[in-house]
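Presented below is the structure to which this report refers.
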Amino acid sequence: MNVTDLPQLAGRPMVTDGGMETDLIFHHGVDLPLFAAFPLVDSPEGRSLLTGYYDGYAAIARRAGAGLMLESATWRANPDWGDRLGYSPADLARVNREAIAMLAELRDRYRDDGLADVVISGMVGPRGDGYQPGEEPGPDEAAGYHAAQIQALAGAGADIVSAYTLTSVGEAIGIVRAADAAGVPTAISFTTETDGRLPGGESLAEAITRVDAAARPAYFQANCMHPVHLAAALAEPGGWRERIRGVRYNASTRSHAELDEAADLDEGDIALLADRHRQLAGDLPALAIVGGCCGTDTRHVDALWN
């Protein structure tokens, strides 16, 4: 699919999923070491769990009359995290490809059931921890680091590569450059702290503007924050807001540090989540993709679409 064919760029409303890892851990009792869902692709039982998970969001898209963004379970499927889980570079390439192949099978089934505009996104995550980012990589370092995963996702047929929970401009630029080299469009999604700023202190406006100046992705998204936190970022006016086409909210209003230390799942106030999202919609004129992040499941995403 060429970038010009992506329905979200034409303004088509697109449902996407919620907090895959938190949903599977807390609601299905699945053990996900290092918060990694990609090993599930390696077993029939894991694939069955993932299929049921995606089916729930396909049902929301049908009810909403919207398209569907299918995000691969590969947020942690990069070299450092893969190595910690015992995956060799060859194993990682294989599991990234198989995650996309699985989504292609689901897309065929959903289309047969009458669901149009199904887009397959190859998900990548940060080299570090999205909640404890650590040292910021430079663009060249990040491009080299993420290249193998992006090439595997693109080679398997991903329509777009979406990078989520990014905390630094340098890593975002590197990911876009790696995707350009692999011939696949990219979406860059930053996360912010409760003040609406990236962990390094940059405003969301500054981060988007700097990435666009260095390596322009297809669009931007924001994820892993509650709408009350995103509202602080959107208080800064400007055309940069027109570059945001997707949001994936946390259920909780807690900070990243508080969530990192919590032993329980904070599912938040679903009515508040939906209400604050509605209040933000006017500040995001290009918004097309809506879904959830940590702590959310089909209930939250359904409420956002209702």
Select from region 141-193 the residues that are among the hydrophobic types (A, V, I, L, M, F, W, C), more than 22 Å from residue 120 (Cβ to Cβ) and touching a strand residue (DSSP E or B) at 6+ places or on another chain (Cβ under 6 Å) and list them in ascending order. 190
Scan of region 2-42 for residues that are over 19 Å from the mean Cα position of the chain (by Cα) and among the aliphatic types (A, V, I, L, M), ordered by number: 10, 30
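Small (Gly, Ala, Ser) and buried (at least 22 other Cβ atoms within 10 Å of the Cβ) - does that describe any residue in region 57-65?
Within region 57-65 (the criterion being small (Gly, Ala, Ser) and buried (at least 22 other Cβ atoms within 10 Å of the Cβ)), the answer is yes, since at least one residue qualifies.
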Just for region 193-232: of the residues that are over 18 Å from the mean Cα position of the chain (by Cα) and among the hydrophobic types (A, V, I, L, M, F, W, C), which one is surrounded by the fewest Cβ atoms within 10 Å (Cβ to Cβ)? 213
Looking only at residues in region 285-300 that are closer than 19 Å to residue 165 by Cα and of a type in the set (A, V, I, L, M, F, W, C), which one is surrounded by the most Cβ atoms within 10 Å (Cβ to Cβ)? 294
Contacts under 6 angstrom Cβ, first residue in region 268-285 being more than 17 Å from residue 252 (Cα to Cα), partner of a type in the set (A, V, I, L, M) and not in a helix (DSSP H, G or I), 6 or more apart: 284/244
Taking residue 75 as meeting all but one of (1) in contact (Cβ under 8 Å) with a residue 24 or more places away in the chain; (2) in contact with a Leu (Cβ under 8 Å, 6 or more places away or on another chain); (3) surrounded by 17 or more Cβ atoms within 10 Å (Cβ to Cβ); (4) within 29 Å of residue 147 (Cα to Cα), write down the number of the exception. (2)
Considering each residue of region 27-50, count those that are within 21 Å of residue 125 (Cα to Cα) and in a helix (DSSP H, G or I), and give that number. 11
Unmet requirement for residue 92, which otherwise passes all of (1) over 18 Å from residue 291 (Cα atoms); (2) surrounded by fewer than 22 Cβ atoms within 10 Å (Cβ to Cβ); (3) more than 18 Å from the chain's Cα centre (by Cα); (4) in contact (Cβ under 8 Å) with a residue 12 or more places away in the chain: (2)
Would you pick out the residues in region 266-306 that are under 20 Å from the mean Cα position of the chain (by Cα), of a type in the set (Gly, Ala, Ser) and closer than 30 Å to residue 239 by Cα? 274, 281, 286, 288, 291, 292, 303
Of (1) of a type outside the set (Ser, Thr, Tyr); (2) under 24 Å from residue 73 (Cβ atoms); (3) in a helix (DSSP H, G or I); (4) free of Cβ contacts under 8 Å to residues at least 12 places away in the same chain, residue 264 satisfies all except one. Which? (3)
Any idea which residue in region 258-274 is modelled with the highest pLDDT, counting only those that are charged (D, E, K, R) and farther than 15 Å from residue 225 by Cα? 264
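The values are calculated or read from the model by the stated rules, or taken from the named source; none is laboratory data. As the structure is a computational prediction, the values presented were derived from the model and not from experiment. Every residue, glycine among them, receives a Cβ derived from its backbone with ideal geometry; neighbour counts consider all protein chains shown.
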